[in-house]
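Peer 1: One structure coming up, written as structure tokens, with questions to follow.
The values are calculated or read from the model by the stated rules, or taken from the named source; none is laboratory data. Keep in mind that what you see is a predicted model, and the values were worked out from it rather than measured. For neighbour counting, all protein chains shown are included, and Cβ atoms are generated from backbone atoms with ideal geometry for every residue, glycine included. The accessibility values were calculated without ligands, DNA or RNA, using every heavy atom of the protein model including side chains. Shrake-Rupley method; radii C 1.70, N 1.55, O 1.52, S 1.80 Å.
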Amino acid sequence: MRIAVVGVQGDVEEHVLSLKKAFERAGVKGEAVATRKKGIVSESDAAIIPGGESTTISKLIFREGISEEILQLAEDGKPVMGTCAGLILLSKHGDEQVERTETKLLGLMDTWVRRNAFGRQRESFQTLLHVKGIGEYEAVFIRAPVITKVGNKVEVLAKYGDFIVAARQENSLALAFHPELTDDTRVHEYFIRMALE
Ligand code: GLN
């Protein structure tokens, strides 16, 4: 199995390392490939869009044609995971920040997002969540977005207060937090299982 990690900046390498550990722990033979060019996602069984700046990642994937490959992958029933900025890109409905910056979204999930939802006072924090399908999970939030509303095809997997911070719609998985920044690889293992289904 091959999983592509898409990106220019931020935590691309961390996702690659987490995937490697997760493959090992899940006992699945697989490779993780970081890419910023067309041609890798289309040859993969799943793709991850990491955190970073959603504006920058959006420009890159639409300019390089990686966006079409991600949409095709999803269309073929293969899983796509977006974390933090990646959650924004998976969504169909942006907020005024997304509109003001003219950030193009992939729209794979019927979710409404709010960028930088926790404001400047709480740029980053860690908290214990209950994630459906995973259990108690210590989540790291960094200038995180949240989901404020979902359509009826979306399954909510975790909430933090009133905010939705993890959700799934068919083969798309969105997380507001950063599963690649801790040694806990259960989210990546969950994603690998999605790719095996
Ligand atoms: N604040 C970033 C954005 O809105 C997301 C932060 C992150 O991915 N760590 O694009």
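Peer 1: Mind checking which residues of region 106-142 are touching a helix residue (DSSP H, G or I) at 6+ places or on another chain (Cβ under 6 Å), hydrophobic (A, V, I, L, M, F, W, C) and assigned to a loop (DSSP other than H, G, I, E, B)?
Peer 2: Once the filter is applied, which keeps residues that are touching a helix residue (DSSP H, G or I) at 6+ places or on another chain (Cβ under 6 Å), hydrophobic (A, V, I, L, M, F, W, C) and assigned to a loop (DSSP other than H, G, I, E, B), region 106-142 yields L106, L108, I134.
Peer 1: Can you tell me how many residues within region 168-189 are within 16 Å of the ligand (Cβ to nearest atom) and in a strand (DSSP E or B)?
Peer 2: Count: 3.
Peer 1: If you don't mind, another one. Take the residues in region 179-190 that are surrounded by 24 or more Cβ atoms within 10 Å (Cβ to Cβ) and touching a strand residue (DSSP E or B) at 6+ places or on another chain (Cβ under 8 Å); name whichever of them is nearest to P79 (Cα to Cα).
Peer 2: So the residue we want is V187.
Peer 1: Can you pull out the residues in region 98-113 that are touching a residue at least 24 places away in the same chain (Cβ under 8 Å) and either over 18 Å from the mean Cα position of the chain (by Cα) or open to solvent by less than 100 Å² (accessible area, probe 1.4 Å) (or both)?
Peer 2: Within region 98-113, V98, T101, T103, L105, L106, L108, M109, D110, T111, W112, V113 qualify.
Peer 1: Right, another one. Working carefully through the options V28, V33, V8, find the one that is at pLDDT below 95 and among the β-branched types (V, I, T).
Peer 2: V8
Peer 1: If you go through region 45-67 one residue at a time, do you hit one that is open to solvent by 10 Å² or more (accessible area, probe 1.4 Å), away from the ligand (no atom under 16 Å from the Cβ) and assigned to a helix (DSSP H, G or I)?
Peer 2: Looking for residues that are open to solvent by 10 Å² or more (accessible area, probe 1.4 Å), away from the ligand (no atom under 16 Å from the Cβ) and assigned to a helix (DSSP H, G or I), one finds at least one in region 45-67, hence yes.
Peer 1: Next question. Checking R25 against (1) in contact (Cβ under 8 Å) with a residue 60 or more places away in the chain; (2) open to solvent by less than 20 Å² (accessible area, probe 1.4 Å): exactly one of these is not met. Which one?
Peer 2: For R25, the exception is condition (2).
Peer 1: Kindly establish whether E123 is over 17 Å from the mean Cα position of the chain (by Cα), within 12 Å of the ligand (Cβ to nearest atom), surrounded by fewer than 21 Cβ atoms within 10 Å (Cβ to Cβ) and under 23 Å from P179 (Cα atoms).
Peer 2: So E123 passes the test.
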